[in-house]
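The values are calculated or read from the model by the stated rules, or taken from the named source; none is laboratory data. From a predicted model like this one, the values you see are computed outputs, not experimental measurements. We place every Cβ from the backbone using ideal geometry, glycine too, and count neighbours over all the protein chains shown. Accessible surface areas use protein heavy atoms only, side chains included; no ligands, DNA or RNA. Shrake-Rupley method; radii C 1.70, N 1.55, O 1.52, S 1.80 Å.
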Amino acid sequence: MLARAWGAVLNGVDAVPVRVEVDIGNGLPAFTVVGLPDSTIQEARDRVRGALTNSDESYPMTRITANLAPSDLRKQGAGLDLVLALGIVVSNEQAPQDGLDGRLFCGELGLAGDVRPVRGALQAAEAARAAGLKEIVCSPANAREAALAGLPVLAVSTLREALDVVRDRVRLEPITEDAEALLQTTVHNGPDLAQIRDQDHAKRAFEIAAAGGHNILLSGPPGSGKTLLARALPGILPSLTLSEALEVTRIHSAAGLLFPGESLIRTRPFRSPHHGVSAAGMVGGGSMFTRPGEVTIAHRGVLFMDEFPEFPRSVLESLRQPLEDGFVTVTRSRQTTTYPARFMLVAAMNPCPCGHAGTERPCKCPPRTYEIYRQRLSGPLLDRIDMHVPVGRVETKKLLGEDDATRSSAVRQRVESARAFGRSRHELLHVTCNAEIPLGKLITLCALDEATAPILTKAANKYDLSARTVHRVLRLARTIADLDEKEAIAKDHVLEALTYRVVHKGAEL
Ligand SMILES: Nc1ncnc2c1ncn2[C@@H]1O[C@H](COP(=O)(O)OP(=O)(O)OP(=O)(O)O)[C@@H](O)[C@H]1O
Ligand SMILES: [Mg+2]
(Lines give C-alpha, C1' and ligand atoms only; values in the text may rest on other atoms or scores of the structure.)
(Ligands and ions follow the chains in the order given, each with its own letter.)
Protein backbone atom coordinates (compact mmCIF):
# COMPACT_ATOMS: atom_id res chain seq x y z
CA MET A 1 0.00 0.00 0.00
CA LEU A 2 1.11 3.57 -0.58
CA ALA A 3 1.47 5.85 2.47
CA ARG A 4 1.62 9.65 2.25
CA ALA A 5 2.78 12.06 4.95
CA TRP A 6 4.28 15.51 5.41
CA GLY A 7 7.77 16.28 6.65
CA ALA A 8 9.99 19.33 6.21
CA VAL A 9 13.61 20.12 5.37
CA LEU A 10 15.65 23.27 5.81
CA ASN A 11 16.65 25.36 2.84
CA GLY A 12 18.82 28.21 4.13
CA VAL A 13 16.90 29.49 7.15
CA ASP A 14 13.50 28.62 5.69
CA ALA A 15 11.76 25.25 5.83
CA VAL A 16 10.27 23.59 2.79
CA PRO A 17 7.40 21.14 3.31
CA VAL A 18 8.25 17.73 1.87
CA ARG A 19 5.64 15.27 0.68
CA VAL A 20 6.91 11.84 1.69
CA GLU A 21 5.49 8.83 -0.18
CA VAL A 22 6.36 5.34 0.99
CA ASP A 23 5.54 2.28 -1.07
CA ILE A 24 6.12 -1.37 -0.19
CA GLY A 25 6.25 -3.60 -3.21
CA ASN A 26 7.51 -6.98 -4.30
CA GLY A 27 11.21 -7.55 -4.69
CA LEU A 28 14.39 -8.30 -2.82
CA PRO A 29 14.72 -6.60 0.59
CA ALA A 30 15.90 -3.03 -0.01
CA PHE A 31 15.09 0.48 1.20
CA THR A 32 15.56 3.13 -1.48
CA VAL A 33 15.07 6.87 -0.95
CA VAL A 34 14.67 8.97 -4.11
CA GLY A 35 14.14 12.72 -4.56
CA LEU A 36 17.66 14.17 -4.15
CA PRO A 37 18.42 13.03 -0.57
CA ASP A 38 21.90 13.80 0.78
CA SER A 39 24.01 11.41 2.86
CA THR A 40 22.22 12.24 6.16
CA ILE A 41 18.92 11.15 4.63
CA GLN A 42 20.53 8.05 3.07
CA GLU A 43 21.76 7.15 6.56
CA ALA A 44 18.17 7.53 7.81
CA ARG A 45 17.48 4.10 6.33
CA ASP A 46 19.61 2.41 8.99
CA ARG A 47 18.28 4.58 11.82
CA VAL A 48 14.68 3.91 10.75
CA ARG A 49 15.21 0.15 10.57
CA GLY A 50 16.87 0.11 14.00
CA ALA A 51 14.20 2.33 15.56
CA LEU A 52 11.33 0.23 14.15
CA THR A 53 12.73 -3.12 15.25
CA ASN A 54 13.62 -1.76 18.71
CA SER A 55 10.05 -0.43 19.04
CA ASP A 56 8.67 -3.95 18.43
CA GLU A 57 7.33 -3.03 14.99
CA SER A 58 7.77 -5.41 12.10
CA TYR A 59 10.20 -4.22 9.44
CA PRO A 60 9.04 -5.47 6.02
CA MET A 61 11.66 -7.71 4.44
CA THR A 62 10.76 -6.66 0.92
CA ARG A 63 11.29 -3.69 -1.37
CA ILE A 64 10.58 -0.28 0.25
CA THR A 65 10.69 2.89 -1.86
CA ALA A 66 10.39 6.39 -0.37
CA ASN A 67 9.93 9.39 -2.63
CA LEU A 68 10.58 12.93 -1.41
CA ALA A 69 8.80 15.72 -3.30
CA PRO A 70 9.58 18.33 -4.59
CA SER A 71 12.12 16.14 -6.31
CA ASP A 72 14.30 18.96 -7.66
CA LEU A 73 15.22 20.28 -4.20
CA ARG A 74 18.31 18.80 -2.57
CA LYS A 75 17.34 17.63 0.90
CA GLN A 76 19.57 17.39 3.92
CA GLY A 77 19.29 16.70 7.64
CA ALA A 78 17.89 13.94 9.80
CA GLY A 79 14.50 15.60 10.29
CA LEU A 80 12.71 13.15 7.96
CA ASP A 81 13.58 10.04 10.06
CA LEU A 82 10.29 10.05 11.98
CA VAL A 83 8.05 10.56 8.97
CA LEU A 84 9.87 7.83 7.01
CA ALA A 85 9.43 5.34 9.87
CA LEU A 86 5.73 6.17 10.21
CA GLY A 87 5.33 5.94 6.43
CA ILE A 88 6.74 2.41 6.46
CA VAL A 89 4.36 1.29 9.24
CA VAL A 90 1.33 2.76 7.44
CA SER A 91 2.46 1.38 4.09
CA ASN A 92 2.82 -2.02 5.79
CA GLU A 93 -0.85 -1.64 6.85
CA GLN A 94 0.03 -1.67 10.56
CA ALA A 95 -1.44 1.82 11.13
CA PRO A 96 -4.12 3.87 9.31
CA GLN A 97 -3.35 6.53 6.69
CA ASP A 98 -5.86 8.80 8.55
CA GLY A 99 -3.35 9.12 11.37
CA LEU A 100 -0.85 10.76 9.03
CA ASP A 101 -3.32 13.12 7.33
CA GLY A 102 -3.37 16.79 8.34
CA ARG A 103 -0.16 16.46 10.36
CA LEU A 104 3.48 17.35 9.80
CA PHE A 105 6.07 15.15 11.46
CA CYS A 106 9.60 16.23 12.23
CA GLY A 107 12.17 14.44 14.29
CA GLU A 108 15.40 12.50 14.15
CA LEU A 109 15.34 8.91 15.41
CA GLY A 110 17.79 7.11 17.63
CA LEU A 111 18.29 3.38 17.18
CA ALA A 112 16.33 2.77 20.39
CA GLY A 113 13.35 4.59 18.87
CA ASP A 114 13.80 7.87 20.76
CA VAL A 115 12.67 11.02 18.92
CA ARG A 116 15.35 13.71 18.93
CA PRO A 117 15.12 17.45 18.24
CA VAL A 118 15.90 18.86 14.81
CA ARG A 119 17.08 22.23 13.53
CA GLY A 120 14.38 24.55 12.15
CA ALA A 121 11.31 23.22 14.03
CA LEU A 122 9.73 26.70 14.13
CA GLN A 123 9.93 27.19 10.39
CA ALA A 124 8.75 23.60 9.82
CA ALA A 125 5.64 24.39 11.89
CA GLU A 126 5.15 27.64 9.96
CA ALA A 127 5.43 25.71 6.70
CA ALA A 128 2.84 23.24 8.04
CA ARG A 129 0.45 26.08 8.81
CA ALA A 130 0.97 27.60 5.37
CA ALA A 131 0.26 24.20 3.79
CA GLY A 132 -3.08 24.09 5.63
CA LEU A 133 -2.13 21.28 8.03
CA LYS A 134 -3.73 21.05 11.47
CA GLU A 135 -1.06 19.68 13.81
CA ILE A 136 2.66 19.17 14.13
CA VAL A 137 4.25 16.16 15.80
CA CYS A 138 7.82 16.56 17.07
CA SER A 139 10.18 15.84 19.96
CA PRO A 140 9.45 17.50 23.35
CA ALA A 141 12.71 19.50 23.02
CA ASN A 142 11.29 21.14 19.86
CA ALA A 143 7.71 21.50 21.07
CA ARG A 144 7.70 25.01 22.60
CA GLU A 145 9.66 26.39 19.66
CA ALA A 146 7.30 24.78 17.11
CA ALA A 147 4.26 26.02 19.05
CA LEU A 148 5.29 29.63 18.27
CA ALA A 149 3.86 29.10 14.79
CA GLY A 150 0.37 28.95 16.28
CA LEU A 151 -0.45 25.32 15.41
CA PRO A 152 -1.16 22.78 18.16
CA VAL A 153 1.95 20.70 18.80
CA LEU A 154 1.96 17.07 19.91
CA ALA A 155 5.21 16.20 21.67
CA VAL A 156 6.36 12.60 21.36
CA SER A 157 9.54 11.30 22.94
CA THR A 158 9.57 7.88 21.27
CA LEU A 159 8.54 6.33 17.98
CA ARG A 160 6.12 4.17 19.97
CA GLU A 161 4.37 7.30 21.29
CA ALA A 162 4.22 8.70 17.76
CA LEU A 163 2.63 5.47 16.55
CA ASP A 164 0.10 5.61 19.40
CA VAL A 165 -0.89 9.07 18.12
CA VAL A 166 -1.16 7.83 14.52
CA ARG A 167 -3.21 4.79 15.65
CA ASP A 168 -5.39 7.13 17.73
CA ARG A 169 -4.66 5.13 20.88
CA VAL A 170 -3.76 8.22 22.95
CA ARG A 171 -4.89 11.83 22.94
CA LEU A 172 -1.94 14.04 23.86
CA GLU A 173 -2.52 17.49 25.33
CA PRO A 174 -1.46 19.92 22.55
CA ILE A 175 1.32 22.30 23.52
CA THR A 176 0.71 25.97 22.78
CA GLU A 177 2.85 29.05 23.30
CA ASP A 178 1.89 32.72 23.65
CA ALA A 179 4.69 34.56 21.85
CA GLU A 180 3.31 38.05 22.70
CA ALA A 181 3.27 37.25 26.42
CA LEU A 182 6.78 35.77 26.25
CA LEU A 183 8.08 38.94 24.65
CA GLN A 184 6.96 40.96 27.68
CA THR A 185 9.46 39.07 29.84
CA THR A 186 12.54 40.32 27.97
CA VAL A 187 15.70 40.77 30.05
CA HIS A 188 18.47 43.16 29.03
CA ASN A 189 21.94 42.01 29.94
CA GLY A 190 25.54 43.28 29.81
CA PRO A 191 27.32 45.83 32.04
CA ASP A 192 25.38 49.00 32.88
CA LEU A 193 26.53 52.24 31.24
CA ALA A 194 26.73 53.76 34.73
CA GLN A 195 29.75 51.54 35.49
CA ILE A 196 31.64 53.18 32.65
CA ARG A 197 33.13 56.48 33.78
CA ASP A 198 33.66 59.51 31.60
CA GLN A 199 33.47 58.78 27.82
CA ASP A 200 30.37 60.96 27.40
CA HIS A 201 31.10 61.45 23.70
CA ALA A 202 31.22 57.69 23.09
CA LYS A 203 28.10 57.11 25.20
CA ARG A 204 26.19 59.69 23.17
CA ALA A 205 27.44 58.02 19.97
CA PHE A 206 26.19 54.64 21.24
CA GLU A 207 22.79 56.14 22.06
CA ILE A 208 22.48 57.42 18.48
CA ALA A 209 23.80 54.16 17.01
CA ALA A 210 21.28 52.14 19.05
CA ALA A 211 18.40 54.45 18.08
CA GLY A 212 19.11 54.25 14.35
CA GLY A 213 20.90 50.89 14.00
CA HIS A 214 24.06 52.60 12.72
CA ASN A 215 27.50 51.01 12.40
CA ILE A 216 30.14 52.37 14.72
CA LEU A 217 33.94 52.19 15.01
CA LEU A 218 35.67 53.00 18.30
CA SER A 219 39.32 53.89 18.23
CA GLY A 220 41.51 54.66 21.22
CA PRO A 221 44.41 53.70 23.45
CA PRO A 222 44.48 50.40 25.41
CA GLY A 223 42.34 50.27 28.55
CA SER A 224 40.15 53.26 27.69
CA GLY A 225 36.91 51.26 27.84
CA LYS A 226 36.17 50.39 24.20
CA THR A 227 35.38 46.74 24.84
CA LEU A 228 33.47 47.71 27.99
CA LEU A 229 31.34 50.20 26.04
CA ALA A 230 30.56 47.67 23.31
CA ARG A 231 29.52 45.06 25.86
CA ALA A 232 27.16 47.59 27.46
CA LEU A 233 25.37 48.12 24.15
CA PRO A 234 22.80 45.26 24.53
CA GLY A 235 21.51 47.08 27.61
CA ILE A 236 20.46 50.14 25.61
CA LEU A 237 19.17 48.48 22.45
CA PRO A 238 15.42 48.64 21.86
CA SER A 239 13.43 45.49 22.63
CA LEU A 240 12.74 43.15 19.72
CA THR A 241 9.34 43.37 18.10
CA LEU A 242 7.47 40.07 17.71
CA SER A 243 8.30 39.69 14.02
CA GLU A 244 11.98 40.48 14.70
CA ALA A 245 12.06 37.98 17.58
CA LEU A 246 10.60 35.29 15.31
CA GLU A 247 13.19 36.10 12.61
CA VAL A 248 16.01 35.79 15.17
CA THR A 249 14.56 32.56 16.55
CA ARG A 250 14.29 31.03 13.07
CA ILE A 251 17.95 31.81 12.35
CA HIS A 252 19.16 30.46 15.69
CA SER A 253 17.07 27.35 15.18
CA ALA A 254 18.50 26.79 11.68
CA ALA A 255 22.02 27.27 13.02
CA GLY A 256 21.36 24.77 15.82
CA LEU A 257 21.88 27.43 18.50
CA LEU A 258 18.62 27.01 20.41
CA PHE A 259 18.87 25.06 23.68
CA PRO A 260 16.60 22.01 23.91
CA GLY A 261 13.24 23.24 25.16
CA GLU A 262 13.99 26.89 24.39
CA SER A 263 11.34 28.84 22.51
CA LEU A 264 11.29 32.53 21.53
CA ILE A 265 14.58 34.46 21.61
CA ARG A 266 13.76 37.73 23.32
CA THR A 267 17.07 39.57 23.38
CA ARG A 268 18.91 40.99 20.40
CA PRO A 269 21.86 38.79 19.41
CA PHE A 270 25.30 40.05 20.39
CA ARG A 271 28.01 38.14 18.52
CA SER A 272 31.69 38.79 19.12
CA PRO A 273 33.70 36.41 16.93
CA HIS A 274 37.43 36.11 17.62
CA HIS A 275 39.71 37.54 14.95
CA GLY A 276 40.79 33.99 14.08
CA VAL A 277 37.39 33.43 12.40
CA SER A 278 37.41 32.32 8.74
CA ALA A 279 35.51 34.04 5.95
CA ALA A 280 33.12 31.05 5.81
CA GLY A 281 32.55 31.32 9.57
CA MET A 282 31.81 35.01 9.18
CA VAL A 283 29.43 35.07 6.21
CA GLY A 284 28.32 31.44 6.08
CA GLY A 285 29.56 28.40 4.27
CA GLY A 286 30.51 24.79 4.70
CA SER A 287 32.15 22.21 2.46
CA MET A 288 29.22 21.21 0.25
CA PHE A 289 26.16 22.66 1.96
CA THR A 290 25.95 26.08 3.51
CA ARG A 291 25.40 27.09 7.12
CA PRO A 292 24.66 30.58 8.42
CA GLY A 293 27.69 32.60 9.51
CA GLU A 294 28.23 35.21 12.23
CA VAL A 295 26.68 38.04 10.17
CA THR A 296 23.43 36.06 9.92
CA ILE A 297 23.41 34.94 13.54
CA ALA A 298 23.84 38.63 14.45
CA HIS A 299 20.76 39.54 12.33
CA ARG A 300 18.65 42.22 14.14
CA GLY A 301 21.41 42.50 16.72
CA VAL A 302 25.08 43.42 17.05
CA LEU A 303 28.20 42.04 15.42
CA PHE A 304 31.06 43.17 17.65
CA MET A 305 34.50 42.95 16.08
CA ASP A 306 37.10 43.72 18.74
CA GLU A 307 40.68 44.37 17.55
CA PHE A 308 39.21 45.17 14.13
CA PRO A 309 42.44 45.39 12.07
CA GLU A 310 43.56 41.99 13.37
CA PHE A 311 40.86 40.20 11.33
CA PRO A 312 42.17 38.69 8.09
CA ARG A 313 41.68 40.84 5.02
CA SER A 314 39.41 38.23 3.41
CA VAL A 315 37.10 38.30 6.45
CA LEU A 316 36.96 42.10 6.51
CA GLU A 317 36.24 42.35 2.80
CA SER A 318 33.56 39.65 3.02
CA LEU A 319 31.58 42.08 5.19
CA ARG A 320 31.09 44.51 2.32
CA GLN A 321 28.05 42.82 0.74
CA PRO A 322 26.09 42.22 3.98
CA LEU A 323 26.88 45.72 5.27
CA GLU A 324 25.50 47.24 2.10
CA ASP A 325 22.57 44.94 1.27
CA GLY A 326 21.48 43.39 4.57
CA PHE A 327 21.81 39.89 3.17
CA VAL A 328 24.56 37.57 2.03
CA THR A 329 24.60 35.02 -0.78
CA VAL A 330 26.76 31.95 -0.27
CA THR A 331 27.50 29.47 -3.03
CA ARG A 332 28.82 25.98 -2.48
CA SER A 333 29.12 23.06 -4.91
CA ARG A 334 25.60 21.79 -4.23
CA GLN A 335 23.77 24.81 -2.92
CA THR A 336 23.40 28.57 -3.27
CA THR A 337 21.73 30.20 -0.31
CA THR A 338 20.77 33.74 0.57
CA TYR A 339 20.85 34.48 4.29
CA PRO A 340 19.49 37.60 6.00
CA ALA A 341 22.23 39.73 7.59
CA ARG A 342 20.91 43.04 8.98
CA PHE A 343 23.14 43.72 11.92
CA MET A 344 24.78 46.67 13.62
CA LEU A 345 28.53 46.50 13.21
CA VAL A 346 30.43 47.65 16.28
CA ALA A 347 34.18 47.62 15.76
CA ALA A 348 36.94 48.55 18.20
CA MET A 349 40.60 49.19 17.48
CA ASN A 350 43.74 50.86 18.73
CA PRO A 351 45.01 53.67 16.52
CA CYS A 352 48.35 51.83 15.99
CA PRO A 353 50.03 48.63 17.28
CA CYS A 354 51.36 50.32 20.45
CA GLY A 355 47.99 51.97 20.85
CA HIS A 356 49.06 55.53 21.54
CA ALA A 357 49.20 57.33 18.19
CA GLY A 358 47.26 60.58 18.44
CA THR A 359 47.17 60.53 22.27
CA GLU A 360 49.23 62.51 24.81
CA ARG A 361 51.57 59.52 25.27
CA PRO A 362 54.22 59.28 22.54
CA CYS A 363 53.71 56.54 19.95
CA LYS A 364 56.51 53.94 20.12
CA CYS A 365 55.81 52.31 16.76
CA PRO A 366 58.58 52.27 14.11
CA PRO A 367 58.07 54.73 11.24
CA ARG A 368 55.31 53.84 8.73
CA THR A 369 53.81 51.25 11.13
CA TYR A 370 50.82 53.55 11.74
CA GLU A 371 50.05 53.74 8.00
CA ILE A 372 50.54 49.99 7.48
CA TYR A 373 48.26 49.23 10.44
CA ARG A 374 45.52 51.55 9.16
CA GLN A 375 45.82 50.14 5.64
CA ARG A 376 44.53 46.80 6.90
CA LEU A 377 41.13 48.45 6.83
CA SER A 378 40.16 49.23 3.25
CA GLY A 379 38.54 52.52 2.24
CA PRO A 380 35.30 50.87 1.07
CA LEU A 381 34.93 49.09 4.41
CA LEU A 382 35.49 52.26 6.46
CA ASP A 383 33.08 54.09 4.13
CA ARG A 384 30.32 51.71 5.29
CA ILE A 385 30.77 52.65 8.95
CA ASP A 386 28.50 55.58 9.82
CA MET A 387 30.17 56.68 13.03
CA HIS A 388 33.91 56.92 13.71
CA VAL A 389 34.35 57.65 17.39
CA PRO A 390 37.63 58.45 19.14
CA VAL A 391 37.75 57.15 22.72
CA GLY A 392 40.29 58.94 24.92
CA ARG A 393 41.98 58.02 28.20
CA VAL A 394 39.69 58.13 31.25
CA GLU A 395 40.53 60.76 33.84
CA THR A 396 41.72 58.99 37.01
CA LYS A 397 39.72 61.37 39.20
CA LYS A 398 36.51 60.23 37.44
CA LEU A 399 37.58 56.60 37.56
CA LEU A 400 37.83 56.65 41.35
CA GLY A 401 34.67 58.74 41.88
CA GLU A 402 30.99 57.84 42.08
CA ASP A 403 29.19 55.81 39.41
CA ASP A 404 28.16 57.81 36.37
CA ALA A 405 24.62 59.21 36.60
CA THR A 406 23.49 57.86 33.20
CA ARG A 407 22.00 54.43 33.64
CA SER A 408 21.39 52.05 30.72
CA SER A 409 17.64 51.88 31.46
CA ALA A 410 17.28 55.68 31.01
CA VAL A 411 19.22 55.62 27.74
CA ARG A 412 17.19 52.66 26.51
CA GLN A 413 14.01 54.61 27.17
CA ARG A 414 15.26 57.48 25.01
CA VAL A 415 16.27 54.99 22.30
CA GLU A 416 12.81 53.36 22.41
CA SER A 417 11.15 56.81 22.18
CA ALA A 418 13.27 57.69 19.14
CA ARG A 419 12.32 54.41 17.44
CA ALA A 420 8.66 55.02 18.32
CA PHE A 421 8.93 58.53 16.81
CA GLY A 422 10.10 57.05 13.49
CA ARG A 423 7.82 53.98 13.56
CA SER A 424 5.14 55.20 11.13
CA ARG A 425 7.91 56.04 8.63
CA HIS A 426 9.54 52.62 9.11
CA GLU A 427 6.28 50.71 8.79
CA LEU A 428 5.52 52.43 5.52
CA LEU A 429 8.90 51.36 4.14
CA HIS A 430 8.91 47.89 5.77
CA VAL A 431 12.17 48.64 7.58
CA THR A 432 12.98 48.62 11.28
CA CYS A 433 15.37 51.54 11.75
CA ASN A 434 16.81 54.61 10.04
CA ALA A 435 20.00 52.85 8.93
CA GLU A 436 17.78 50.76 6.61
CA ILE A 437 15.96 53.66 4.92
CA PRO A 438 16.22 52.78 1.21
CA LEU A 439 17.85 55.14 -1.24
CA GLY A 440 14.60 55.82 -3.10
CA LYS A 441 12.98 57.41 -0.05
CA LEU A 442 16.08 58.90 1.54
CA ILE A 443 15.84 62.39 0.10
CA THR A 444 12.14 62.74 0.96
CA LEU A 445 12.43 61.35 4.48
CA CYS A 446 15.68 63.08 5.35
CA ALA A 447 14.93 66.37 3.58
CA LEU A 448 17.13 69.29 4.54
CA ASP A 449 15.85 72.88 4.44
CA GLU A 450 17.56 75.80 2.72
CA ALA A 451 19.59 76.72 5.79
CA THR A 452 20.80 73.16 6.50
CA ALA A 453 21.55 71.74 3.05
CA PRO A 454 24.55 74.07 2.39
CA ILE A 455 26.28 72.74 5.55
CA LEU A 456 26.29 69.23 4.21
CA THR A 457 27.29 70.36 0.70
CA LYS A 458 30.18 72.39 2.11
CA ALA A 459 31.43 69.51 4.29
CA ALA A 460 31.09 67.03 1.42
CA ASN A 461 33.17 69.26 -0.88
CA LYS A 462 35.75 70.17 1.76
CA TYR A 463 36.34 66.60 2.91
CA ASP A 464 35.69 64.94 -0.45
CA LEU A 465 32.91 62.75 0.96
CA SER A 466 31.64 59.86 -1.15
CA ALA A 467 27.99 59.67 -2.19
CA ARG A 468 27.60 56.78 0.25
CA THR A 469 29.00 58.86 3.12
CA VAL A 470 26.63 61.76 2.33
CA HIS A 471 23.68 59.38 2.37
CA ARG A 472 24.83 57.78 5.60
CA VAL A 473 25.25 61.23 7.21
CA LEU A 474 21.65 62.00 6.19
CA ARG A 475 20.34 58.82 7.85
CA LEU A 476 22.41 59.61 10.95
CA ALA A 477 21.03 63.16 11.08
CA ARG A 478 17.51 61.68 10.79
CA THR A 479 18.20 59.54 13.88
CA ILE A 480 19.57 62.50 15.85
CA ALA A 481 16.41 64.46 14.95
CA ASP A 482 14.28 61.47 16.04
CA LEU A 483 16.06 61.43 19.42
CA ASP A 484 15.07 65.12 19.65
CA GLU A 485 11.55 64.13 18.54
CA LYS A 486 11.70 66.65 15.69
CA GLU A 487 10.14 65.96 12.30
CA ALA A 488 12.46 68.43 10.54
CA ILE A 489 16.22 67.83 10.47
CA ALA A 490 17.90 70.96 11.84
CA LYS A 491 21.38 72.41 11.40
CA ASP A 492 22.59 71.01 14.74
CA HIS A 493 21.50 67.52 13.79
CA VAL A 494 23.54 67.57 10.57
CA LEU A 495 26.53 69.12 12.34
CA GLU A 496 26.48 66.44 15.02
CA ALA A 497 26.14 63.71 12.38
CA LEU A 498 29.18 65.15 10.59
CA THR A 499 31.28 65.07 13.77
CA TYR A 500 31.09 61.28 13.59
CA ARG A 501 32.48 61.22 10.08
CA VAL A 502 34.89 64.00 9.37
CA VAL A 503 34.57 67.18 11.27
CA HIS A 504 36.19 67.39 14.66
CA LYS A 505 34.10 68.91 17.39
CA GLY A 506 33.92 72.67 17.13
CA ALA A 507 35.53 72.80 13.68
CA GLU A 508 34.40 75.57 11.37
CA LEU A 509 32.68 74.65 8.13
N1 LIG B 1 35.64 54.33 31.20
C2 LIG B 1 35.92 53.37 32.08
N3 LIG B 1 35.24 53.31 33.25
C4 LIG B 1 35.51 52.33 34.15
N5 LIG B 1 36.44 51.39 33.97
C6 LIG B 1 37.17 51.40 32.85
C7 LIG B 1 36.93 52.39 31.84
N8 LIG B 1 37.77 52.16 30.82
C9 LIG B 1 38.50 51.08 31.17
N10 LIG B 1 38.13 50.61 32.38
C11 LIG B 1 38.76 49.48 33.08
O12 LIG B 1 39.75 48.95 32.21
C13 LIG B 1 39.45 47.61 31.84
C14 LIG B 1 39.75 47.41 30.37
O15 LIG B 1 38.84 48.14 29.59
P16 LIG B 1 38.53 47.71 28.10
O17 LIG B 1 38.78 46.27 27.94
O18 LIG B 1 37.20 48.21 27.74
O19 LIG B 1 39.64 48.53 27.34
P20 LIG B 1 39.88 48.65 25.79
O21 LIG B 1 39.72 50.09 25.43
O22 LIG B 1 39.03 47.69 25.08
O23 LIG B 1 41.41 48.26 25.68
P24 LIG B 1 42.20 47.48 24.51
O25 LIG B 1 42.51 48.51 23.47
O26 LIG B 1 43.44 47.01 25.18
O27 LIG B 1 41.34 46.38 24.03
C28 LIG B 1 37.98 47.44 32.18
O29 LIG B 1 37.68 46.10 32.47
C30 LIG B 1 37.81 48.34 33.38
O31 LIG B 1 38.28 47.69 34.54
MG1 LIG C 1 39.42 45.94 24.03
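Over segment 437-509, accessible surface divided per residue gives 53 Å², non-protein components excluded, 1.4 Å probe. To put it simply, the accessible area of the chain at a 1.4 Å probe is 51 percent carbon and sulfur. The alpha carbon gyration tensor of segment 355-408 gives principal lengths a ≥ b ≥ c with a/c of 1.5 or higher and a/b no greater than b/c, which makes the shape oblate. When the Cα positions of GLY110, LEU240, VAL389 are compared along the charge dipole of the chain, VAL389 comes out farthest toward the positive end, with charges on each C-beta of Lys, Arg, Asp and Glu. A Förster radius of 60 Å combined with the Cβ-Cβ distance from SER58 to ILE372 puts the calculated FRET efficiency at roughly 0.25. Protection proxy ranking for 240-247, 270-277, 88-95, using the average of other Cβ atoms within 10 Å per residue and placing the highest first: 88-95, 240-247, 270-277.
Give the accessible surface of segment 193-406 per residue, rounded to a whole number of Å², with probe radius 1.4 Å and ligands, DNA and RNA excluded. Let's see the in-between values first.
Numbers: 8600 Å² over 214 residues.
Ligands and nucleic acids excluded, the figure is 40 Å² per residue.
Surface exposure of segment 1-82, expressed per residue as accessible area with a 1.4 Å probe, stands at 43 Å². Each peptide among 251-261, 224-234 gets the average number of other Cβ atoms lying within 10 Å of its residues, and from highest to lowest they stand as 224-234, 251-261.
Please work out whether segment 227-279 counts as rounded, prolate or oblate from its C-alpha gyration tensor, where a ≥ b ≥ c are the square roots of the eigenvalues and a/c under 1.5 means rounded, while otherwise a/b larger than b/c means prolate and anything else oblate?
In terms of gyration-tensor shape, oblate.
Accessible-area rank, largest first, for THR336, THR452: THR336, THR452, with all protein chains present and a 1.4 angstrom probe. With an a/c value of 1.5 or above and a/b not larger than b/c for the gyration tensor axes a ≥ b ≥ c computed over the alpha-carbon atoms, segment 198-330 is described as oblate. Positive-end ranking of ASN461, LEU474, HIS493 along the dipole of segment 437-509, with charges on Cβ about the Cα centre, is headed by ASN461. Helical content of the chain, expressed as a calculated mean residue ellipticity at 222 nm, amounts to -11000 deg cm²/dmol (DSSP H runs of 4 or more residues, -39,500 (n - 2.57) each, divided by residue number, nearest 500). Evaluated with a Cβ-only charge set (Lys, Arg +1; Asp, Glu -1), segment 186-323 carries a dipole of roughly 140 debye about its Cα centre, given to the nearest 20. Secondary structure note: in the chain, about 50% of the DSSP beta bridges are antiparallel.
Take the cross-link list LYS226/LYS397; LYS462/LYS486; LYS203/LYS364; LYS364/LYS462; LYS441/LYS491; LYS203/LYS398 and give me the ones stretching past 23 Å between alpha-carbons. Those over the limit are LYS462/LYS486; LYS203/LYS364; LYS364/LYS462.
Annotation: peptides 188-194, 149-155, ranked by per-residue average of other Cβ atoms within 10 Å with the highest first, follow the order 149-155, 188-194.
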